[in-house]
Amino acid sequence: MLHTPLCELLGIIEVPIIQAPIAPYTSAQLVAAVSNAGGLGSIGTLHFNQLMSGHNYLGLKNFDLMIVS
């Protein structure tokens with residue numbers, strides 16, 4: 001598996017993959033898939049209202065993920 005200084009710097013990822021938080025194309029499922037594969041999943045909220053952002057955040061709670069905000 002590829003392990004780089006970025007992995008060491010962040011300390012929370014296994015592989016140097018950072019998923020771009022591009023709203024509205026990110027979802028809790030995509031973030032979970034990237035995170036479970038060892039990368040850094042992130043969810044974009046720029047174009048979402050508070051209700052939709054909250055919905056996506058609560059969707060992340062359904063997965064066994066470490067949430068860093």
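Helical content of the chain, expressed as a calculated mean residue ellipticity at 222 nm, amounts to -10500 deg cm²/dmol (DSSP H runs of 4 or more residues, -39,500 (n - 2.57) each, divided by residue number, nearest 500).
For the chain, the solvent-accessible area with a 1.4 angstrom probe is 71 square angstrom per residue. Protein heavy-atom surface of the chain, 1.4 angstrom probe: 62% of the accessible area is carbon and sulfur, with nucleic acids and ligands not counted. The fraction of Cα-Cα pairs per 10 angstrom bin, counted from 0 for the chain, comes to 22, 50, 24, 4 percent, rounded to whole percents.
The values are calculated or read from the model by the stated rules, or taken from the named source; none is laboratory data. It should be emphasised that the depicted structure is a prediction, and the values quoted were computed from it without experimental measurement. Surface accessibility is based on the protein's heavy atoms, side chains included, excluding ligands, DNA and RNA. Shrake-Rupley method; radii C 1.70, N 1.55, O 1.52, S 1.80 Å.
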